[in-house]
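Quick notes on the structure that follows.
The values are calculated or read from the model by the stated rules, or taken from the named source; none is laboratory data. Not measured: the values here are computed from a predicted model. FYI the Cβ positions are ideal-geometry reconstructions off the backbone, even for glycines, and counts take in every protein chain you see. SASA here: full protein model, heavy atoms, side chains in, ligands and nucleic acids out. Shrake-Rupley method; radii C 1.70, N 1.55, O 1.52, S 1.80 Å.
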Number of protein chains: 2
Amino acid sequence: MSDRDPFILKLETFATLDEGDRDLLRDRCRRVVSLRAKEEIVQEGTDPQVVHLVLSGYACRYKILADGSRQIVGFLLPGDFCDLHVFILDELDHNIATLTDCRLAVLSRDDITALCGRPRVARALWWSTLVDQAILREWLLNIGRRSADERVAHLLCELLERLRNVGLVSTDNTFTLPVTQGELADTLGLTVVHVNRMIRNLRDMSLIAISGRQISVRDVDGLKRFCGFRANYLHMDGARSGRDDLLAESEAFAMRVD
Amino acid sequence: MSDRDPFILKLETFATLDEGDRDLLRDRCRRVVSLRAKEEIVQEGTDPQVVHLVLSGYACRYKILADGSRQIVGFLLPGDFCDLHVFILDELDHNIATLTDCRLAVLSRDDITALCGRPRVARALWWSTLVDQAILREWLLNIGRRSADERVAHLLCELLERLRNVGLVSTDNTFTLPVTQGELADTLGLTVVHVNRMIRNLRDMSLIAISGRQISVRDVDGLKRFCGFRANYLHMDGARSGRDDLLAESEAFAMRVD
DNA sequence: CGCGTTGTTGAAATTCCTCAAGAATAGTGG
DNA sequence: CCACTATTCTTGAGGAATTTCAACAACGCG
């Protein structure tokens, strides 16, 4: 579908990489594993020694309560890193699992160190971590203060933008969302039943259309207006906003490789 | 109240700093501003050129919806950095304001660069960012999947641990929470009225006691059990867990200063 | 002392959940 | 390719949690 690797597309929304950066990235993402849907990638309490990067398919971070209820705390789309923090924190405080069949790149500590040796790439990894954080804040706002139908709409808007960014949305604003309504419920802090009704609402309002696992956003502006979606928290204008100029000067932010 | 600076206490829960590290930190935190309660520190959409660090008092990050409803997405306690991401992201996607009277250290870009020149301190700053992220995930779980009374209890447990960590909890598990119930509501995705009733519940169960702005946790284990609190997400055992050994080797993670 | 903010309580309304059951879809083995 | 099974989707009805509205008390501050 896209002629470029998703991780390069993603990092380039922030930083202008040169050919050497891209080659290094491609080279370090050679080790690939394939997983089926609903398999664990890393589990809470463990101290994993590798970093995963989604090449294709969807995965998620989640937490489980004692009573078995689950909260998904992050969607991992193609181009997203799963666990960049691995080398700082002692152990994972959440689980990571696939939602669909996935292809994942597996990066060792050496790989990450090598990537961090390139200032632009290092900065892009930092950026990626900070955007993840910004998404968490927006999700908190979403669950905490928006009504159920707005929550669903907002999540769809976010996925639309994030997937578009890695070339996975067709020109008519259609993308595949191979995720069950139960998983959406666990993401939005709702029940399956209610998610189902809210999706129906959005359909009845002709904001979206669904066939199989394909979601078409019929009225992008309408959907965004409906839930008050503003894309600023995704910080997708790094490379375009002139921030790029800082990079020459900003080797200060490269992580040192010895 | 405490004989040590809160930022040093906090960073030392993760890394064992040496005297040089501590001196540098103290030196770079000399520029102090004082703010009254409910004043803005930084606003959404701006690109601030300094980093703030809370020395005393409480502040918060928050987001506002078009209809005026607010979601607090983070508590900033003494020792917490407000905006370490400033030099990477183009503009802030949320606001930061004081909740109480505050003393804040103001750090310039040079200060941060200098701090990052010390591997242990740099790693501790990384750690601090990642813990903030872990807290966001836990809050998402809290709001998404716990009942209202459990949410309140969980927040109190978290504050107890975080404040204890910087020496602000007395031996009888009492701390000051100079925060209105309205602000708690905006934190927990509830209404003032309901927060009020939930606090009453916790009091009726003799889990906590409140006098003025003082909160006493009467039954720490009971409170934690009630809401299923597990402190693992705060990652407070960095320095103790032997992870410290890695530090010698881990200059790779220092951010380079030129 | 008076005024604005915060805390507290009641009652009604609403959102969202639970329970339950049937329909559609996808996956599996024969 | 079909039958069978499990998962997912869909809808209804009743119930619970939370909100809204409203009023008043308590507290803190000038």
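Some notes on this structure:
- Fluctuation leader among B:Asn165, B:Asn95, B:Asn196 - chain B, Gaussian network, Cα springs under 10 angstrom: B:Asn196
- Rounded to the nearest 20 debye, dipole of chain B from Cβ charges on Lys, Arg, Asp, Glu: 820
- Contact order relative to length of chain B, as percent, for alpha carbon pairs under 8 angstrom and 6 or more apart: 24
- Protection proxy ranking of A:44-52, B:205-213 - average other beta-carbon atoms within 10 Å, highest first: A:44-52, B:205-213
- Each residue of segment B:139-153 is assigned a 3J(HN,Hα), and the resulting list reads 5, 4, 4, 4, 6, x, 10, 9, 6, 4, 5, 5, 4, 4, 4 Hz, derived from the Karplus form 6.51 cos²θ - 1.76 cosθ + 1.60 (θ = phi - 60°), x at Gly and Pro.
- Per-residue average of Cβ from other chains inside 10 Å of B:182-195: 1
- Kirkwood radius and radius of gyration were both taken over the C-alpha atoms of segment A:37-144, and their ratio Rg/Rh is 0.96.
- In the assembled protein chains, A:Asp110 presents an accessible area of approximately 110 Å² (probe radius 1.4 Å).
- Calculated Rg and Dmax of the protein assembly as shown using C-alpha coordinates, Å: 22.3, 65
- Amide H contacts for A:Gly79 (H built 1.01 Å from N in the peptide plane; partners 5 or more residues away or on another chain; cut-off under 5 Å): A:Phe7, A:Val54, A:Leu55.
- When the listed pairs A:Lys38/A:Lys63; A:Lys224/B:Lys63; A:Lys10/B:Lys10; A:Lys63/B:Lys63; B:Lys38/B:Lys224; B:Lys10/B:Lys224 are checked against a 26 Å cut-off, the alpha-carbon distance exceeds it for A:Lys10/B:Lys10; B:Lys38/B:Lys224.
- Averaged over peptide A:147-157, the number of partner chain Cβ atoms lying within 10 Å of each residue's Cβ comes to 0.
- Choice from A:Leu104, A:Leu53, A:Leu89 showing the highest fluctuation, given a GNM over chain A with Cα pairs closer than 10 Å: A:Leu89
- For A:Glu39, the amide hydrogen comes within under 5 Å of the amide hydrogens of A:Thr98, counting only partners 5 or more places away or on other chains and with H modelled in the peptide plane.
- Most mobile listed residue (B:Phe14, B:Phe75, B:Phe226) in chain B, GNM with C-alpha springs under 10 Å: B:Phe226
- Rolling a 1.4 Å probe across the protein heavy atoms gives the protein assembly as shown an accessible surface of 38 Å² per residue.
- Percent of Cα pairs exceeding the 15 Å cut-off, where the set is segment B:1-57: 60
- Simple rule: put +1 on each Lys or Arg Cβ and -1 on each Asp or Glu Cβ in the protein assembly as shown, find the dipole, and look at B:Ala114, B:Thr46, A:Thr180; the Cα lying farthest toward the positive end is A:Thr180.
- Tilt relative to chain A, helix A:19-28 - C-alpha long axis, 0 to 90 degrees, to 10: 80
- Only Lys, Arg (+1) and Asp, Glu (-1) charged, at Cβ; the protein assembly as shown dipole about Cα centre in debye: 1460
- Residue-averaged beta-carbon neighbours from other chains (10 angstrom radius) around B:90-102: 3
- Projecting the Cα atoms of B:Gln133, B:Leu202, B:Phe229 onto the charge dipole of segment B:6-248 (Cβ charges, centred on the Cα centre) puts B:Leu202 farthest toward the positive pole.
- Protein heavy-atom surface of chain A, 1.4 angstrom probe: 47% of the accessible area is carbon and sulfur, with nucleic acids and ligands not counted.
- The 3J(HN,Hα) values that the Karplus relation (6.51, -1.76, 1.60; θ = phi - 60°) gives for segment A:86-92 are, in residue order, 3, 8, 10, 7, 5, 8, 6 Hz. Gly and Pro appear as x.
- Cα coordinate range in segment A:6-253, projected on the principal axes (Å, largest first): 51, 43, 30
- Sequence of B:Leu168, B:Leu65, B:Leu140 from largest to smallest accessible area, 1.4 Å probe: B:Leu168, B:Leu65, B:Leu140
- Whole-number D in µm²/s for segment B:114-248 (Stokes-Einstein; Kirkwood sum over Cα pairs; 37 °C, 0.692 mPa s): 202
- Using a 1.4 Å probe over protein heavy atoms, the accessible area lost on pairing A with B, summed over both chains, comes to approximately 6100 Å².
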